[in-house]
Amino acid sequence: MANKNKPAKPKGKQSKTDSQSSGQPVAQSPSTTPLVAVIMGSQSDWDTMRHADETLTQFGVAHECKVISAHRSPSLASEFASNAENRGFEVIIGAAGGAAHLAGVLAAHTTLPVLGVPMRSEALNGLDSLLATVQMPGGIPVATLAIGKPGAVNAALFAVSILANNRPELREKLHRFREAQEAKIRATVLS
Ligand code: RP5
């Protein structure tokens with residue numbers, strides 16, 4: 001069952017559960033232990049990362065979305081990742097743009113699988129984010145997805161795949177998801 005009850009406010013509308021500086025959750029459920037942490041470097045990443053949030057919700061996976069910056073809140077980043085396993089998380093998604101160190105920093109503080117999502121940046125269209133996230137030196141892995149929305153969706157799907165290893169109901173949902181995708185393609189008629 002999905003554990004996210006409230007979506008984040010749009011950019012620029014801060015709320016008690018939506019604080020960049022305090023690292024309070026952007027969106028979370030108080031009722032179910034979250035399995036996936038969706039961490040992003042800035043509130044400005046939320047327009048992209050809401051697609052990960054929506055995908056996890058679609059699969060009924062309990063998750064927590066939160067702003068943590070590797071550069072602007074380094075202590076919070078290490079604290080969150082260090083405690084993530086004890087809190088019951090099984091996968092962390094780390095999304096950041098530019099000199100995107102977030103996923104790597106999170107991975108440095110946990111042995112949980114960390115999935116990196118490079119944000120499309122203004123200066124270099126996300127190529128900087130992609131290279132910063134994907135080019136981890138050997139020893140601390142980050143599994144890096146595509147730039148932007150496809151990466152956000154696929155990070156969530158990848159997280160579901162990992163969780164599905166010991167959750168047959170999630171495996172079944174993944175099969176049904178793929179079947180629906182194929183049915184849509186088969187039904188496509190070009191005019
Ligand atoms: C990164 O810098 C964030 O992940 C974001 O993609 C980028 C820009 O952040 P803002 O300046 O919009 O807060 O840390």
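Bear in mind that the values in this text are calculations on the coordinates, not laboratory data. Everything numeric in this text was worked out from a predicted model, so none of it was measured. Counting neighbours? That spans all protein chains shown, and the Cβs are built from the backbone with ideal geometry, glycine included.
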**OP:** Kindly identify segment 70-144 as rounded, prolate or oblate by the Cα gyration tensor criterion: order the square roots of the eigenvalues as a ≥ b ≥ c, call it rounded if a/c is under 1.5, otherwise compare a/b with b/c, prolate if a/b is larger, else oblate.
**Re:** prolate
Original post:
Roughly speaking, what is the centre-to-centre gap between segment 85-100 and segment 105-135 when only Cα atoms are used, to the nearest Å?
Top reply: 10 Å
Subject >> Spin-label pair Val189/Arg87, simplified geometry with 7 Å Cα→Cβ offset, distance in nm >> reply: 5.0 nm
